[in-house]
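Student: I'd like to ask you about the structure that follows.
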Amino acid sequence: MPPRAPIPHPWDAAVRRATDVTAAHTIGGMDENCWDDVAIRGILAITIYTLHRRDGHPVEAVRWQQALWHLRDDQRVTKLATSVLPGAGHDLARTEAPGDPVADCWTWLTRTWNPDAATIPVFEKRRAVPAVAVPPDLAKLPQAPELRWGGMTRGIARGLPDPAIEVCTDWAADVVQRAIAADNHGHHRHDRVAVIAGAHAGRRGYVVETGWHIDDATETVQGPVGYVLDLDDVEDTICADADAVTGSSYLRWPRRPAGCLKDAPSPSLDEPLPPAKNSAEDLADILARAADPAIVPEPLRAKIASAYAHHHLELDRQARPAPGRVSWQVLHHWYQLTERCADDQRVDLYEVVVTQHLHDPEPAHHLALREDDLPDLIARCTAGE
């Protein structure tokens, strides 16, 4: 009798299952050198592994419908992991020596990033990495500069320093939705479909969104139970039950058949752009959301409101890791007072946007009149966050 294969550790099984579903439902498959794929895979692995530890079911028995209930909100994933994993022997705070792959994964998912860090040139990525002898006294080694995104490529929100758990949980949920839809012969966003029942029977279009039944009592989802559809010959989107929709191989996104309502040509390059806000409207918006609008005196407001043109520029994005998670963005509003563009004919206004969470609906906005004032302003605005 051949020897039995060793039973994988539950974390290894969770990583393998997360890798398989990411590869199957991500364009191009799983790429270990891609920050996006590694983030999505890590979020899925943490979710199903934590559910395994909480409920006692084998990793392979954790249903994607149960994982999706948590993946609808990254704060649900965070609450699940931080309430279960420490009691299961995983030091998420990393107060002990590293080496626990679960804690290491969680640390990676919840860390912040430097969007301005150095990148690896493409030709360097193709070289094999030689083995390096590391002396026992690591303190004597100089600290090498951190590579952007840990040396990986990144396509999702490249300019954001925020943690992967906040940036990519929606993407992980999308992968799981695709897996559930495939298992249930359902449809997903951008699929070409035909309506076979109801008032719109016979029409074709595309899936805009998938509808699910959310059962908070059991912390699971059921579905797909319906779809939001963008039909070729209907002005607005419609909702349809899942059994009223069937797949259609006739054309693919985003082309539509000639003669339908929505096949109008795109505006030509000669079409005028919609009017931009004038300087007075722009200033009114900034002051309305600022926590310290009084920083801009009335004479300066009048000068800005009558400016010839206004411009916007993002100067900086940075973040501080947990605990005390906070990020800030610095926007430069530059008002050109005359048609002649010169330094002595412009007014500068700086806006610092502070958030404790990427999806914070009400970030704090603070104003400064000089770039030299920004370091102190940022320090004050983020102190104690």
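Every number here is computed from the coordinates shown, using simple stated rules; none is lab data. In this text the structure is predicted, and so the values were computed from the model without any measurement. A quick note on method: Cβ atoms are made from the backbone with ideal geometry, for glycine too, and the neighbour counts reach across all protein chains shown.
Student: Can you list the strands (runs of 3 or more DSSP E) lying wholly within the stretch 200-241 that have 3 or more residues being under 26 Å from the mean Cα position of the chain (by Cα) and surrounded by fewer than 19 Cβ atoms within 10 Å (Cβ to Cβ)? Reasoning before the result, please.
Tutor: On the way: elements: 204-215, 220-231, 238-241.
The qualifying strands (runs of 3 or more DSSP E) are 204-215, 220-231.
Conditions tested, residue by residue: (1) farther than 28 Å from residue 153 by Cβ; (2) buried (at least 17 other Cβ atoms within 10 Å of the Cβ).
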residue: 11; (1), (2): no, yes
residue: 22; (1), (2): no, yes
residue: 28; (1), (2): no, no
residue: 40; (1), (2): no, yes
residue: 48; (1), (2): no, yes
residue: 57; (1), (2): yes, no
residue: 81; (1), (2): no, yes
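Student: Let me ask something else. Looking only at residues that are more than 22 Å from the chain's Cα centre (by Cα) and hydroxyl-bearing (Ser, Thr, Tyr) in the stretch 72-120, which one is nearest to residue 13 (Cα to Cα)?
Tutor: Among those residues, the one meeting the criterion is 83.
Student: Picking from 178, 158, 189, which residue would you name as being closer than 24 Å to residue 18 by Cβ, free of Cβ contacts under 8 Å to residues at least 40 places away in the same chain and charged (D, E, K, R)?
Tutor: So the residue among 178, 158, 189 that is closer than 24 Å to residue 18 by Cβ, free of Cβ contacts under 8 Å to residues at least 40 places away in the same chain and charged (D, E, K, R) is 189.
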